[in-house]
1. Given Cβ point charges of +1 (Lys, Arg) and -1 (Asp, Glu) and nothing else, what value in debye, to the nearest 20, does the dipole of the stretch A:238-337 about its Cα centre take?
2. Give the average, rounded to an integer, of partner chain Cβ atoms located within 10 angstrom of each Cβ in B:10-18.
3. Could you work out how far apart the two model spin labels at A:L300 and A:R420 are, taking each label as a point 7 Å from the Cα in the direction of the beta carbon, and quote it in nm?
4. Mind checking the angle between helix B:3-20 and chain B's longest principal axis? C-alpha axes, 0 to 90 degrees, to the nearest 10.
5. Gain in length, A:M361 to A:D445, computed as 0.36 nm per residue apart minus the alpha-carbon separation, to one decimal in nm?
6. Measuring from centroid to centroid over Cα atoms, what is the spacing of the stretch A:232-288 and the stretch A:452-469 in Å?
7. Please grab the % of Cα pairs in chain B that end up more than 18 Å from each other.
8. Among A:A336, A:I79, A:T474, which residue has its Cα furthest toward the positive end of the charge dipole of chain A, with +1 on Lys/Arg Cβ and -1 on Asp/Glu Cβ?
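Please treat every number below as a calculation from the coordinates, not as lab data. On a predicted model such as this, the values are computed, not experimentally measured, just so you know. Positions of Cβ are generated from backbone atoms using ideal geometry, with glycine treated the same way; all protein chains shown enter the neighbour counts.
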Amino acid sequence: MEQWVVVSIIVGAYLALTLTIGLLAGRKSSDSVTGYVAADRSFGLLVMYFVTGASVFSAFAFLGGPGWAYSRGAAAFYILAYGALGMAPFYWIGPRAAALGRKFGYVTQAQLVVGRFPSRSLSALIATLSLIAFIPYITLQIRGAGIVIEAVTEGHVPIWLGSLLAYGIVIFYVLASGAMAVGWTNTFQGVFMVVIAWSLGLYLPYRLYGGVTPMFEQIIDARPDMLIPPGLTATGEPWSWGAYSTFILVSAVGLMMWPHLFMKAFTAKDDDTMRRTVILFPTFQLFLIPVFLIGFSGVLFSGGPPSADFILPYMILETGLPAVVVGLFCAGALSASMSTGDALLHASASVVVEDGVNQFMQLDDRQQRLLMRILVLVTGATAYYFAQDAESSLVLLLATAYGVISQLAPPVISAMYWRRATTNGVLAGLLAGTATSVFFYLNPDLKPFDMHEGILGLIVHIPVLLAVSFMTPTQSEKHLEGFFS
Amino acid sequence: MSLRTARVLTCIYLALAMFFVTWPGLVPFARIEPLVLGLPFSMAWIAGWIAGSVFVLYGLDRVERRHRDGEDS
């Protein structure tokens, strides 16, 4: 049997197993609204650890990470640097948001912000921003899945069909089983990702160069410029410190503002589990080290993939690994893509319905669930459409989304920690920050010090938030008491 | 250790970590050699700050938990 057939069979079996777990999980949940809460309540530390890790790390880390190490060298280290820093403040923010959520019945972060700063436009604005950020993020996951499948089947299954297959399955189990499926498949996929990253990341350098040290010694001889931060740009020029540093900063600020991650604070009932997940998260984060090693192992390898994002499947195909092993590795990469993609699809639909539509019209429970399902389909289809564009690099897609999502940090933090903040201040800051980052996104040549547009947005956002808040009257003591007692 | 001290120390560690993995804190450490566990120095340096945060957060959690238990009883 030809190798690509064997690989396809294994990948097919993996997809079938994911689908089964997704559907079985759904049978356990009583109804789709409280199912997620119930599931998370029963999640112990180990499950929570893998669920969080799997939803944070996606096709972006698993394919984009090696792609960056391979083509841009030390620039990839930014991905290693931000995760633990972004997650750590959640040790305090998470339980506090959870307490407010229990008190007032919040399930999304927009509800938390709008609870403190009552304004329907604010709610709709946050829902819109979330959706704008979600689309490139989901696009990236879908494209990642398609890349893996196209590469390992040697082009027999092209990107459009591969991504359609993988995400057809994701959409099917998200529609059928809701969030319970997301929780259980993520646990399975999280374990899979970690095991595969570490085994492949240590094996490839060993097999090609005789070990990690000899591999880097050879790269030092041939391409020393690659290994010194801030690394290179996509075209091989030296990258700027301004861009490198602000990529870390914007990602750290934005990380926990992703609705699909922040919402875990409202669904995890047990604060201690949440705190311990934060403590242990950096250990999951370190799985990026072998992921980068996979990319570095390709630097001196003769020949190369058509695009840097293909480096992981390219390396495992070119190094003559047994077909069974190749199949398992591809399943690992698919895990990374699908475990984030499902959570994103689910969260984007919930946010749009809860914070957008619900603010302006009355829907009963059944209508809400129906609307959410339609939105899962529409969002998936939109992202699928964008995923067919071969020009987009996985990492850049996500970095763009981070610029938008990081603008949610000042409103969320002010809602919980700053008594003097006012509704007008928050609204003005959010508008100014978003407008600034959109402006610099469209005019990249004007960016001072090559800084990320999200950070430039925050530089405008925070002073506007402060100034307008101080110019408008303080919220009533009675209202504030609910949040700060 | 008091709760306040533990929180301040944790924040100092996180601020230092942010400083030393970006410009300008990373500049003196943005080099390849010596290799640490086979990794280029700057990569091991960044990974070290990440790994260190596990211990710092664990220490913080011990203090926070003792404080919470004290409140309950």
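1. 180
2. Per residue, the average neighbour count from other chains is 3.
3. 5.9
4. 10
5. 26.0 nm
6. Taking the Cα centre of the stretch A:452-469 as reference, the centre of the stretch A:232-288 is 21 Å away.
7. Here the tail beyond 18 Å accounts for 50 percent of pairs.
8. Value computed over the given set: A:T474.
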